[in-house]
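The values are calculated or read from the model by the stated rules, or taken from the named source; none is laboratory data. Bear in mind that the values here come from a model prediction, so they are computed numbers and not experimental data. No Cβ is skipped: glycine too gets one built from the backbone with ideal geometry, and neighbour counts run over all protein chains shown.
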Amino acid sequence: MDRQAPGLTLSAARVQRVRTLRTRGLRATVSCSEACRLSAGMTLDAATARKLGLRSRRIAFKTATLTRAGRRVVVLRLTAAARARLRRTARATLQVTARDAAGNSRTRTLRVSLRR
């Protein structure tokens, strides 16, 4: 029985321009030690989301599947509401979770600074 969580590494630019994020999204490289399903999300802290008038703290979400061990570039695009309201500097949290076929999961988190 497989009880070992998949190995997961996450890398992305720690400083991102707001303009680039709004137009092209955030590119994150994710690698997994076995076949896995990835779910990636980017959130703001509650105070920033409230200041921007966003209903949800989550500003981007993406799922992807790796059919075998390896690396994949995941592009997270902002939600329409976040794209319309996000204009100034902020700090966001990028969180990626990998789940294997047996249901074991591992999560990695990265803080991203958004600047003008």
ask   = Just a yes or no: is a residue in the range 58-77 in a loop (DSSP other than H, G, I, E, B), farther than 29 Å from Ala5 by Cα and modelled with pLDDT of 95 or more?
value = no
key: Which numbered condition Ala60 misses (of (1) surrounded by fewer than 16 Cβ atoms within 10 Å (Cβ to Cβ); (2) under 20 Å from Val15 (Cα atoms))   = (1)
request  = Can you tell me which residue within the range 78-107, out of those that are assigned to a loop (DSSP other than H, G, I, E, B) and free of Cβ contacts under 8 Å to residues at least 24 places away in the same chain, is surrounded by the fewest Cβ atoms within 10 Å (Cβ to Cβ)?
outcome  = Gly103
request  = Tell me which residues, restricted to the range 1-56, are touching a helix residue (DSSP H, G or I) at 6+ places or on another chain (Cβ under 9 Å), buried (at least 16 other Cβ atoms within 10 Å of the Cβ) and part of a loop (DSSP other than H, G, I, E, B).
outcome  = Leu54
